[in-house]
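Q: Structure provided below as C-alpha cells; questions to follow.
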Amino acid sequence: MVLRSWRYAAPLVQTMPDAVLQEIAHGVTWWIETVSKSINQHENILLNLCRRILALPLEAGTGMTRNGEPLDQPVTEAINHPVG
C-alpha cells in the first residue's frame, strides 16, 4: 500500500504549491518517513519534498519553545543543540 501510494501520489504532491504543502506538512512528513524505508522509484521527488518542507516557514502557533522562548529557526537550533 505504501509503495503504491508513493508511485501515484508523489508526483502529485510534488506539484502542490507551498501554501498547500504547509497546510498538510504534518501528514506529508509522516508519509515521507514511512515511504523512505522502502521506495524504489521517485527518489528525487522524496529529496525535493524534504527540501521544500524544511524550507517552509514555521508558524508561530506551533508551540515549539526552548527555555520558554518560541523557536524561530528550528532546524538551525536543532543542529546546534547538543542532543539535536
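The values are calculated or read from the model by the stated rules, or taken from the named source; none is laboratory data. What you are looking at is a predicted structure, and each value in this text was computed from that prediction instead of being measured. Only protein heavy atoms, including side chains, enter the accessible area calculation; ligands, DNA and RNA are left aside. Shrake-Rupley method; radii C 1.70, N 1.55, O 1.52, S 1.80 Å.
Q: Suppose the chain between Met1 and Ile53 were pulled fully straight at 0.36 nm per residue; how much longer would it get relative to their current alpha carbon spacing?
A: Numbers: separation 52, 0.36 × 52 = 18.72 nm, distance 2.33 nm.
My answer for the length gained is 16.4 nm.
Q: Could you order Thr29, Thr15 by accessible surface area, starting with the largest, using a probe radius of 1.4 Å? Present the calculation step by step, with values, prior to reporting the outcome.
A: On the way: Thr29 55, Thr15 100 Å².
In descending accessible area the options line up as Thr15, Thr29.
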